[in-house]
Amino acid sequence: MVGKARGNYKTRRENPKKGYDAEMATGEAPTQTTPVSTLATPKAKARPHWSMNIIGIAGVLALCYFGESVLAVMMVSVLLAFILAPVVDLLTYLRLPRSLAAAIAILLLLGALGSIIYYSYNQAATLLQDLPKYTSKIRDEALQFRKSAERLEVLPPEHEKGVLSVRTATDWTDTLTRGFGSASAAVLAVSFVPFLVFFMLTWQQHVRSATVMLFPLENRHTAYVTLGQISAMVRSFMVGNVLIGLFVGAVSTVIFWMIHLPFFYFAGFASGFLSLIPYMGLLLALIPPIFVGLGHADTQDIVVIVATVACLHLIALNLLYPRFLGKRLQLNPLAVTMALLVWGALWGAMGLLLAIPITAAIRIIFGHVESLKPYGAWLGE
């Protein structure tokens with residue numbers, strides 16, 4: 001009887017531990033009941049000095065600067081994984097294994113990208129074939145501009161009289177070999193993206209639970225909530241950008257068709273998605289319609305193109321972005337501007353594209369860390 005009682009008592013002590021271990025990654029730490037007489041007075045935790053936070057942030061930025069090639073590829077893979085996640089969930093709902101569903105989703109994405117590149121190449125080749133027809137007109141316009149610049153003494157021809165200009169000859173082999181290193185590195189980095197996306201989609205739950213387990217027991221619930229909010233933010237950011245780009249591209253396509261712009265369908269959607277690039281979007285969105293309109297569009301058509309692109313850009317930034325993305329991002333305009341400046345300086349063009357989601361994720365993390373909450377409040381609205 002004594003052995004049986006001891007066995008039951010041991011079983012009762014082990015069973016709660018097994019259930020607790022199963023929920024360790026997602027659940028809160030259980031409250032332990034301790035007699036009042038044995039409770040010790042908790043000591044106040046020393047708050048880290050603000051200088052230590054600044055040093056930590058500077059260290060993270062330095063790591064981002066020197067690890068650009070690796071971190072940028074990982075960030076792009078994360079965004080693509082969030083885009084393909086609904087497709088994978090739909091295929092798994094149809095009783096397909098998750099690994100097979102992820103492979104099919106990646107193949108569909110690669111097929112779509114290949115089709116866009118092939119179609120764009122054909123349209124560009126057709127445009128270049130028609131371009132010589134308008135060479136004389138473009139040459140006349142450039143000559144008139146040069147004459148106007150000479151009259152304004154911007155390009156005075158007198159300063160070149162009696163001056164011998166010497167230019168160093170550039171060997172084409174040097175140029176080719178110099179660019180081969182960066183091109184090969186870029187190709188190597190891009191080749192990792194499909195594999196990273198595949199493993200992110202197939203090992204999603206494991207990675208999330210294992211990431212939560214990296215934190216101390218009392219912080220695991222906070223880490224779980226933080227990861228959930230970052231996931232929801234990134235998903236909303238990607239879906240919102242795609243919807244806004246499709247809307248702006250569709251409206252641009254209709255207007256370009258009305259003014260009889262050649263290749264209006266290509267120029268419209270290219271202009272619509274380029275318009276989403278922060279700060280540089282307005283100038284980049286003007287390039288496709290003006291380029292395809294060379295020799296076709298007159299002054300009135302150019303005015304219509306500029307007005308259309310500018311109005312749609314303002315509507316997207318001031319109406320559509322706050323409507324679809326404002327509640328998720330919760331970043332003030334000053335923080336967005338500074339984030340674009342910092343990440344653009346760190347990662348160049350890729351930094352401009354990733355600046356907003358990275359900064360929004362940083363704001364969410366700061367909001368759940370007690371010593372960093374003032375910085376999160378400064379980034380927020």
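The values are calculated or read from the model by the stated rules, or taken from the named source; none is laboratory data. The model shown is predicted, which means the values in this text are computed figures rather than measured ones. So basically every Cβ, Gly included, is an ideal-geometry build from the backbone, and we count neighbours across all protein chains shown.
Data for the structure
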| quantity | calculated |
| --- | --- |
| Residue tally, condition aromatic (Phe, Trp, Tyr) and either surrounded by fewer than 18 Cβ atoms within 10 Å (Cβ to Cβ) or not in a helix (DSSP H, G or I) (or both), over region 77-117 | 1 |
| Count of region 325-352 residues which are part of a loop (DSSP other than H, G, I, E, B) and closer than 14 Å to Tyr65 by Cα | 1 |
| Any chance Ala316 is within 21 Å of the chain's Cα centre (by Cα), modelled with pLDDT of 85 or more and assigned to a helix (DSSP H, G or I) | yes |
| Check on Leu274, buried (at least 19 other Cβ atoms within 10 Å of the Cβ) and of a type in the set (A, V, I, L, M, F, W, C) | yes |
| Some residue of region 258-277 being within 30 Å of Ile364 (Cα to Cα), touching a residue at least 60 places away in the same chain (Cβ under 8 Å) and in a helix (DSSP H, G or I) | no |
| Boolean, Gly376 is of a type in the set (Gly, Ala, Ser) and at pLDDT below 85 | no |
| Residue within region 63-76 that is of a type in the set (Ser, Thr, Tyr), under 30 Å from Glu370 (Cα atoms) and at pLDDT 50 or above present | yes |
